[in-house]
Amino acid sequence: MNREFTHKSFMILILGWCTFAVISQAAEPVTGQSTPSVAENRPAANMTAAAPTTDSPNSPSVEKETGSPQIFGLVDGPSGPLISGKDKANHNIQSHVGLNGRLWVVLTQPTSLSSEKYALFMNGVEVKGLDAAVDGTYQSEGGKPMHALVFILQRNKNNDAFWKELMGSIVGMHVPVVISLGEQAGEGKATRPTIVGSPLTAASFEFEVIGFWRLVAALVAVIAVISLVWGHARTRTTLRDNFLPQIMPSQQTYSLGRWQMAFWFTLIFAAFVYLFVVLLDTNTISSQALALMGISGTTALAAVAIDSVKDSPADAANRGLQALGLKTYADVLRVQQEIVSQKEELAALPPEASFDARAKHGKHEQSPTEERRRRLQVEIQDRDNILRTYNAKIQSFLTQGWFKDITTDINGTAIHRLQAVCWTLALGAVFVITVYRTLAMPEFNANLLTLMGISSAGYVGFKYPEKNS
């Protein structure tokens, strides 16, 4: 009984599988059967242009209607050359239509509905939130007037995500876009593109992400700020501690707090300029970006305050140098210049007469020239002693290179400094990548900002017992 039931079940399973295979095979097109060609679906010969080619994998789905209008081309005004398709050298035409620009969609024939009933599609995606299209008339040089729909490509909260997706992660000044139109289906219904290019390249153009002069202005602004902040760092005290003002600025140690503050300032400024030239929007700075600048600024201020109140080896060295008459690096230069002048004066004096020559002439006292020579030699020796003492006292406070200065203290590599540097670089890399890919400053969560604050607080806390040498 069980064996018979098993056999019947097995036969039913095989029969069901065969039935499913037959139905699936019938649903698929028969191999070798000719499918209707695109040419068979084209409008009659009296139409202005043929129907669009739909064999491209990137072309949107189209509902073909006999005698329906198709896209003849794209322009940026009521006259002038087309910006769609390719030029005579078979290169894509670089248009100047970008965000907030006007796009004229020239049609092969007038539409059956009013212009405000049509929605604009880019790469098969409806651009929501645009103002209603208006009718226009395009006429090329020597051509006949043609009907066009004019769209203003403005960005707002309804289509912000679309524009950022289109223009994010760019590798050039333009991105390729395929235009199509569709009748608005109404509230809650999906709108589908029904009017496409004829051929498809007639509705394809290069959308301008960044204009040339905007790019030049952005580069000039960013390079100017980087030059002011980082370019002078090698020769000035912009990013350096000033423990001993008697040290030449280029030889003073780099400051971790000032470096961190400059890092976030230049990064956020460059991101702001980049987002402005792409999105033409000044409201792009996030609250997290402000928090990062606040953390870095507070860290730098606290570090300076601690250095000013604690007594350190740098303070003792400063007092010793001031006792020698060296209060600033200008005093050091003055002493060096005095030695040079005195040596030149000494070399210009006539040779010193020997004792026998003075005895022969009955002159045993030193002449004014010889007295001046002895005085110059003593003054030169005194100033050389001052400079030797100066060089010995500042030796422990000279820079050892940017990375070593900001990550080490008198005992070597300091973990509280190293972690602040590592977290700053890590969040900086995330910041840059996010701005490039999403065209928005990142929204760091509270935990990341807290982590950055703890890292900076650890640096400031350990700085108080830290010796400045």
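The values are calculated or read from the model by the stated rules, or taken from the named source; none is laboratory data. Predicted model, so just to flag it, every value in this text is computed and none were measured. We place every Cβ from the backbone using ideal geometry, glycine too, and count neighbours over all the protein chains shown.
Number of residues in segment 267-304 that are part of a helix (DSSP H, G or I), touching a helix residue (DSSP H, G or I) at 6+ places or on another chain (Cβ under 8 Å) and of a type in the set (S, T, N, Q): the value is 4. In a residue-by-residue description of segment 136-147, the property of being within 30 Å of residue 439 (Cα to Cα) and surrounded by fewer than 18 Cβ atoms within 10 Å (Cβ to Cβ) applies to no position. On inspection, residue 297 does not qualify as surrounded by 15 or more Cβ atoms within 10 Å (Cβ to Cβ) and touching a Ser or Thr at 6+ places or on another chain (Cβ under 7 Å). Residues in segment 195-232 that are more than 28 Å from residue 172 (Cβ to Cβ) and in contact (Cβ under 8 Å) with a residue 24 or more places away in the chain: 2 in all. Selection over segment 201-246 of residues that are β-branched (Val, Ile, Thr) and under 17 Å from residue 406 (Cβ atoms) gives a count of 3. In this entry, residue 194 passes the filter for residues that are hydroxyl-bearing (Ser, Thr, Tyr) and in the same structural domain as residue 107 (by TED's automatic domain parsing).
The set of residues in segment 221-247 being modelled with pLDDT of 90 or more, hydrophobic (A, V, I, L, M, F, W, C), farther than 20 Å from residue 305 by Cα and surrounded by 15 or more Cβ atoms within 10 Å (Cβ to Cβ) consists of 221, 222, 225, 229, 230, 247.
Does at least one position in segment 238-254 carry a residue that is touching a helix residue (DSSP H, G or I) at 6+ places or on another chain (Cβ under 6 Å), assigned to a strand (DSSP E or B) and not β-branched (Val, Ile, Thr)? Checking segment 238-254: at least one residue is touching a helix residue (DSSP H, G or I) at 6+ places or on another chain (Cβ under 6 Å), assigned to a strand (DSSP E or B) and not β-branched (Val, Ile, Thr). Suppose we keep only residues that are under 30 Å from residue 171 (Cα atoms) and among the polar types (S, T, N, Q) within segment 426-469. Which one would you say is modelled with the lowest pLDDT? Selected residue: 445. Restricting attention to segment 157-205, the residues that are β-branched (Val, Ile, Thr) and assigned to a strand (DSSP E or B) add up to 5.
Scanning segment 320-335 for residues that are of a type outside the set (A, V, I, L, M, F, W, C) and over 46 Å from the mean Cα position of the chain (by Cα) yields 320, 322, 325. Residues of segment 390-425 that are touching an Asp or Glu at 6+ places or on another chain (Cβ under 6 Å) and at pLDDT 90 or above: 399 alone. Is it the case that residue 338 is part of a helix (DSSP H, G or I), of a type outside the set (Phe, Trp, Tyr), modelled with pLDDT of 90 or more and under 30 Å from residue 242 (Cα atoms)? Taking the combined requirement at face value, the residue satisfies it. Which one is surrounded by the fewest Cβ atoms within 10 Å (Cβ to Cβ), of the residues in segment 163-203 that are under 14 Å from residue 92 (Cα atoms) and small (Gly, Ala, Ser)? For segment 163-203, the residue satisfying everything is 172.
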